Amino acid sequence: MERIIINGGRRLRGEVRISGAKNAALPILTSSILTEGWNTFSNVPNLRDIHTIKTLLLDLGAEIEDGKDLRINASGLNNHEALYALVKTMRASVLVLGPLLAKLGKARVSLPGGCAIGARPINLHLSGLAALGANIELRNGYVEAKARHLKGAPVFFDVPTVTGTENLMMAASLAEGITTLNNAAREPEVVELANVLKKMGANIKGEGTEIITIEGTKVLKPIIHSIMPDRIETGTFMVAAGITAGDIRVRNCNLNHLDSVISKLRETGLKITEESDGLRVVGNKLIRTVDIKTMPYPGFPTDMQAQMMALMAVASGTSVILETVFENRFMHVSEIRRMGADIRIDGRSAIVKGVRKLSGAPVMATDLRASASLILAGLAAKGRTEISRVYHIDRGYDGIVEKLSNLGADIQRVND
């Protein structure tokens, strides 16, 4: 069993380069299903979820060349089934549903798994595909979808769904006629996928707004594309500067994707200045409290909630964190409490009373972002922190132990 061991209390200094965004890369890689020929993708992060989607694409019949750049050719796709053994480890595997249906006219995809942070049903994906003319059945834990020809139609999402918007955008790109996605997700990763599909030849308008219009085309061509930087990894390293009173230069990041995070971190006392190819974040020994409410983009991202809770655990005063996106995303609280944090849960709210110092302790990661919050807490804690179940961190952070070590953290990964 692997563990991450941290001896906390060190001020982090130096420069870190942000990797490509997992949540952008996953739908972009699956979009290669829609094309004929070799797609070339650069800045692809080295993550467990990326390896999973590559394995899934190979199983579907795609060819992959993996070097400095990742090349995918789905011209010879000969399988329409995404097996449970692959899909159970990663919810984003459901993103092959729309492209397979559009390309092959059929898809059999296991109901998804991934982090246990909430139900996250895919009913909005299915109702949207049904609106485009697909026949959808649920059998033995699988979604079975068939459609001789997808036809454009208006689709209405009850709530904004990122993967649902992405799945429907990909399917509609090869559908006949015009599809309108109403109450669509506005996240930067959705915009990035729309830009990729447009480079492939799709006709898409309105990405980044609540209404996206897609006029289907018969053929999409392969492209060369560099994956956008990861805004959540960027935010995590910004919090690392704050929680250690550090001084970190964050390179290869897009500040336009981080308005809500930067605003809140500045309220805590962090000095954040824009520089060429990134920003500089300087922490303060006195961390001010802020209240947070997670919301779909452009609101404060739920994927930064756990990291901000670690910061508020050592802030001066009391803060309230309201989680509105996922109903079960406070599982890290009991572990941070083991380190001396004063946190009380009241429904979907966490009341965090800052303490002067956290203490190192053995803790267990419960999901991807919880892993990041425990690492951040360990960096600030007095003494030794041991984090188990660290495979979660491999799903979304490319080389985080090495990056933090290069900034001066006393951190290592050990294998028992």
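No value in this document is a laboratory result; all are computed from the given coordinates. Quantities reported herein were computed from a predicted structural model and do not represent experimental measurements. All Cβ positions, even for glycine, are placed from backbone atoms using ideal geometry, and neighbour counts span all protein chains on display.
Values for this structure:
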item: Residue order, fewest to most beta carbons within 10 Å, for Thr236, Thr318; result: Thr318, Thr236
item: About the Cα centre, charge dipole magnitude for the chain (Lys/Arg +1, Asp/Glu -1 at Cβ), debye; result: 860 debye
item: Computed Kirkwood radius, in angstrom, where 1/r is averaged over Cα pairs of region 22-226; result: 16.4 Å
item: Label zone at Met1 (point 7 Å along Cα-to-Cβ), backbone N below 16 Å, region 307-335; result: 335
item: Antiparallel DSSP beta bridges within region 22-226, as percent of all bridges there, nearest 5; result: 70 percent
item: Among the listed pairs Lys88/Lys146; Lys22/Lys54; Lys68/Lys198; Lys146/Lys205; Lys103/Lys146; Lys264/Lys285, those beyond 20 Å (Cα-Cα); result: Lys88/Lys146; Lys68/Lys198; Lys146/Lys205
item: Per-bin percent of Cα-Cα distances, region 264-304 [5 Å]; result: 6, 19, 20, 21, 25, 9, 0
item: Fully extended contour minus Cα-Cα distance, from Lys106 to Ser349, at 0.36 nm per residue; result: 83.2 nm
item: Which of His392, His125, His51 has the fewest Cβ neighbours within 10 Å, and the rest in rising order; result: His51, His392, His125
item: Gain in span if fully extended, Glu65 to Trp38, counting 0.36 nm per residue against the direct Cα distance; result: 8.8 nm
item: Sparse-neighbour loop sites [GluC sites (Glu not before Pro); region 35-71; at most 10 other C-beta within 10 Å; DSSP]; result: none
item: DSSP-defined beta bridges in the chain - what % are antiparallel, rounded to 5; result: 70 percent
item: ³J(HN,Hα) computed for each position of region 206-213 - Karplus, 6.51 cos²θ - 1.76 cosθ + 1.60, integer Hz, glycine/proline x; result: x, 4, x, 10, 6, 10, 10, 10
item: Sorted by Cβ density within 10 Å, fewest first, the residues Lys264, Lys271; result: Lys271, Lys264
